[in-house]
Amino acid sequence: MYLPRSAWSQARVSGNPFTLGIASGSPTHDSVVLWTRLAFEKEDASRLQPGPVAVRWELAHDDGFSRIVQTGQAQAVAGLAHSVHVEVQGLQPDRWYFYRFVVGDAVSATGRTRTFPAPDAVVARLRLAYASCQRWEHGYYSAYRHMRDEALDLVMFLGDYIYEYPTAARAVRAPTGGWLLTLDDYRQRYALHKSDADLQAMHASCPWMVTWDDHEVQNDYAGATPGDSGPPAPDFAARRAAAYQAFYEHMPVRASVLTQAMAGLASGAEMRIYQRVPYGRLASLYMLDARQYKDAQVCTREGKAGSSTLNPANCAAWKDPARSMLGAQQESWLDAEWGRAASKESGWNVIGQQSLLGQRDFHRGPGQIFWNDGWDGYAAARTRFTGALQKHAVANPVVLGGDVHENWVGHVKADYADAGSASVGTEFCGTSLTSRSNGNAKIPDTLAENPHFVFADSERKGYGVVELTPSKLTTTLRVVDDVTRADSGVQTLAKFAVQAGRPVIEKA
Ligand SMILES: [Fe+2]
């Protein structure tokens, strides 16, 4: 039933409470999350800030909202920064919808979202973008303006949505605020990002699946162990809980993600964001969490916190099988998911996670140097990961990653220590949206030393587009001309193809 606006008890607002935009995400074949966060201007703030505010939402078949599918009312509460997470249920599979929010006379922008095909449906095509690392002060989000033209079904965001730094040298645009330590700090930094028109428009154009990496809390933190940036928080558990809460408040994730009370989060309870969602019979989409549960980095230089390179010959802990990247519970969950028939039947198993999976030895010739924060610092955990892919004969694994601010394209090896070992999947680790990298001077050497990779670039910023059909994967690396310009153009850096049933990367 569609009720006229006057039938709802709603707050009176004089300004626009929707300046932080709207978003949708966490889609399944019959549901999707609709998100917004109210931001009150001037006299609205003093009147509405303390209390809950009723927000009406509408979901329709058309952008004129003449064919309403569902409508309802949600409470935006002060304790969750007046964020709204509506889980719309009972939708048709494989359909596009339009949505918007209403408070008083204020109406949000209109968003476009979709459900996934039913798990048993035969699906011709899926187009998704993967993106990560959008440090505000390192550039503009013109990449998102171009991403809107890619006709996407989904964005997979792979971490570092915000950074906890005050600013950077040669900042392209200065962020507001200093080091992020408190809930209010994190909220303000998310609000800054959410004010960006290009980012808002990309959120409004299709659903997102999201995970986080370290900078949503602190550089190089690992599980319950703090990292090394800025002033130390007096209580890291409390800082992490605040950061996790702010992540929840600003992302289109399900309310069930917030299963624990805030006190529970501070005492170490999990905020579970890992998941698997089928996209018909065409693909299984995984989003992993390789940050919340990981063991601390080992053999960091001079016993400091955080990351550095390590030499495995001088680091006994490097091989320790007790160390984990995903945590015991997520590892066994993933093993069970891969053991299910679905992972063998579905055409592609697309595994979104934070970092570069493949081994990257920075030392030319005999001997090895690895970076200890990524999978290279967790050798036994990576071998369990690739071993489980083989054990369960997972169909067409495709690993997507981020974190390194560089494009890396390669083959997933059964055993990275053995150059002759089988290729068990493919990997596309994306460059950053904006965050800086070191340039291509050393890339040819690193590629030569690590021949399981077929392509790398450490200069260009942007995103990747993966198109899946039952018989073929095509990945296009899209890069902006100049990340320091808001009006930058975009171009294709490289394009690759993988045939189903054959984990070999071809130039396309
Ligand atoms: Fe990053």
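All of the numbers you see were taken from the coordinates with simple rules; none came from a lab. The model shown is predicted, which means the values in this text are computed figures rather than measured ones. Heads up, the Cβs are rebuilt from the backbone with ideal geometry, glycines too, and the neighbour counts pull from every protein chain shown.
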For this session: For residue 92 paired with residue 322, estimate the spin-label separation in nm (one decimal), with each label point 7 Å from Cα along the Cα-to-Cβ line.
Result: 5.6 nm
Exercise. For 239, 340, what ranking results if the residue with the fewest other Cβ atoms within 10 Å of its Cβ goes first?
Worked result: 340, 239
For this session: Output the lone cysteines of the chain: those with no second cysteine's C-beta under 4.7 Å from their C-beta.
Result: 133, 206, 429
Problem set entry | Calculated FRET efficiency for the pair residue 54/residue 120, C-beta based, R₀ 35 Å, to 0.05 | 0.35
Problem set entry | DSSP beta bridges in the chain [antiparallel fraction, %, rounded to 5] | 75 percent
Exercise. Computed over the Cα atoms, what is the radius of gyration of the range 5-113 divided by 2.2 N^0.38 Å, N being its residue count?
Worked result: 1.05
Exercise. Roughly how tilted is helix 183-194, in degrees to the nearest 10 and between 0 and 90, from the longest Cα axis of the chain?
Worked result: 90 degrees
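Using the count of nearby Cβ atoms within 10 Å as a rough guide to exposure, how do 28, 113 rank from fewest to most?
28, 113
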Problem set entry | In degrees, nearest ten, helix 379-391 long axis to first principal axis of the chain (Cα) | 80 degrees
Problem set entry | In Hz, Karplus ³J(HN,Hα) per residue of the range 195-210 (6.51, -1.76, 1.60; θ = phi - 60°; x = Gly, Pro) | 7, 6, 5, 5, 5, 4, 5, 5, 4, 6, 9, 6, x, 10, 10, 10
Exercise. Going by average Cβ neighbours within 10 Å, how do the peptides 492-500, 192-200, 250-258, 436-444 rank, with the highest at the top?
Worked result: 250-258, 192-200, 492-500, 436-444
Seminar exercise, completed: Between the alpha carbon centres of the range 463-506 and the range 51-117 the gap in Å comes to 32 Å
Seminar exercise, completed: Taking the chain, the lysine pairs whose C-alpha atoms sit under 14 Å apart (8 or more places apart or on different chains) add up to 5
For this session: Would you mind working out the magnitude of the charge dipole of the range 1-102 relative to its Cα centre, with +1 at each Lys and Arg C-beta and -1 at each Asp and Glu C-beta, to the nearest 20 Debye?
Result: 280 debye
For this session: Determine, at each q value in 0.11 (inverse angstroms), the log₁₀ of I(q)/I(0) that the Debye formula gives when each Cα of the chain is one equal point scatterer.
Result: -0.92
Problem set entry | Compactness of the range 402-447 - radius of gyration and Dmax, Cα, Å | 12.7, 36
Problem set entry | FRET efficiency, 1/(1 + (r/R0)^6) with R0 35 Å, evaluated for residue 301 and residue 445 via beta carbons | 0.95
Seminar exercise, completed: Footprinting proxy, 244, 463: sorted fewest to most Cβ within 10 Å, the residues are 244, 463
Seminar exercise, completed: Out of 83, 280, 438 - ranked by how far each Cα lies towards the positive end of the dipole of the chain, with unit charges on the beta-carbon of charged residues - the top one is 280
For this session: Could you work out how far helix 328-339 tilts from the main Cα principal axis of the chain, as a 0 to 90 degree angle to the nearest 10?
Result: 90 degrees
